[in-house]
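Reviewing the structure listed below.
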Amino acid sequence: MTADGSAFLTALERIVTAKLAEVTATLGIRAEVLPCDPELADTAAFCAAYGYSLDDSANTILVASKSDPPRFAACVALANMRLDVNGTIRRRLEARKASFASAADTVELTGMEIGGVTPFGLPAAVPLWIDAAVLTRPEVIVGGGSRSIKIRVAPAALAALPGADVVDELAR
């Protein structure tokens, strides 16, 4: 914290909040940046500590094909659902096998730690797949680019991101 009590934003958080502002202004929708204790950044802990429902929270998870070279995609699914890694995701990656990307690969590829990965700052080379169920919620809370912030936003903002693809049954 700075002397005036405001949180210091990292360079990545500034990029993410700038992208968020751009997308929400274009769509004319509201978004809110929520401070988060980094120790409580994992979705279940965040929801329990801050009084939010898992039904209104979405995780952004990097997945990888088990191929050489691996192919990656960022997947957004409601926190109360599980990604269909061995079905829908594996087929979309055109791979025989797929899994969650390692924490090291996630940081290397996105610059973000697990528990803070956001759809609003992904490299252009990483496809963004959003489970269709996410768009049924009036708002969702997603990672904010670091473990110290979350973002509450209308799902339309996620679907409007460049390269975003809404996928039926990405999660179950």
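The values are calculated or read from the model by the stated rules, or taken from the named source; none is laboratory data. Only a predicted model underlies this, so the values are computations on that prediction, with no experimental measurement involved. Heads up, the Cβs are rebuilt from the backbone with ideal geometry, glycines too, and the neighbour counts pull from every protein chain shown.
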Count - residues of region 50-66 that are surrounded by 13 or more Cβ atoms within 10 Å (Cβ to Cβ) and either without any contact (Cβ under 8 Å) to a residue 40 or more places away in the chain or more than 22 Å from ASP131 (Cα to Cα) (or both): 5
Unmet requirement for ARG137, which otherwise passes all of (1) among the basic types (Lys, Arg); (2) buried (at least 17 other Cβ atoms within 10 Å of the Cβ); (3) closer than 23 Å to VAL23 by Cβ: (2)
Yes/no for ALA104 being small (Gly, Ala, Ser) and either more than 19 Å from LEU161 (Cα to Cα) or free of Cβ contacts under 8 Å to residues at least 40 places away in the same chain (or both): yes
Odd one out for VAL142 among (1) within 14 Å of PHE72 (Cβ to Cβ); (2) among the aliphatic types (A, V, I, L, M); (3) in contact with a Ser or Thr (Cβ under 7 Å, 6 or more places away or on another chain): (1)
Complete set of residues in region 75-123 that are in contact with a strand residue (DSSP E or B) (Cβ under 6 Å, 6 or more places away or on another chain), among the small types (Gly, Ala, Ser) and under 20 Å from ALA18 (Cα atoms): GLY116
Considering residues of region 149-159 that are outside any strand (DSSP E or B) and either at pLDDT below 90 or surrounded by 18 or more Cβ atoms within 10 Å (Cβ to Cβ) (or both) only, the residue nearest to the chain's Cα centre (by Cα): LEU158
